[in-house]
Amino acid sequence: MQSSYAEEFQRDMGCTEAEWLKWLPIAVAPCAWTRDGASARVAIGSGALFLNWQVLPPRVIALIRLPVLRMHFQFDGLSADERAAFMRRFDLTTQRGGG
């Protein structure tokens, strides 16, 4: 897990858009949020997080096809500590199992 997060960054997530939309309410809870197509606004204290996503072609490794969702994060009005606290929960919620 990261210890700090920039005000703006992007990452690829290994999930389908349908999976992401199931995770979204849990990942941002208890914050209020709204969605408009492939974007969402999350109210965090006196600031906000703007999320935009794009479905990319799957990653193919031999016979395995992995979904890819490019996620863009843009925080507004949050300190480094507030960003880290929010992302700690977000990352734990959206992690896939591993071994």
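Bear in mind that the values in this text are calculations on the coordinates, not laboratory data. Just so you know, these numbers come straight off a predicted model, no measurement behind them. We place every Cβ from the backbone using ideal geometry, glycine too, and count neighbours over all the protein chains shown.
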Odd one out for residue 66 among (1) in contact with a Gly (Cβ under 9 Å, 6 or more places away or on another chain); (2) hydrophobic (A, V, I, L, M, F, W, C); (3) surrounded by 14 or more Cβ atoms within 10 Å (Cβ to Cβ); (4) within 18 Å of residue 94 (Cα to Cα):
(3)
How many residues of segment 75-88 are crowded, with 16+ Cβ neighbours inside 10 Å and either hydroxyl-bearing (Ser, Thr, Tyr) or assigned to a strand (DSSP E or B) (or both)? The answer is 1
So the check is Cβ under 8 Å with 6+ separation or different chains; which pairs have a first residue in segment 66-82 that's among the β-branched types (Val, Ile, Thr) and a second one that's part of a strand (DSSP E or B)?
68/12; 68/13; 68/55; 68/56; 68/57; 68/58; 68/59
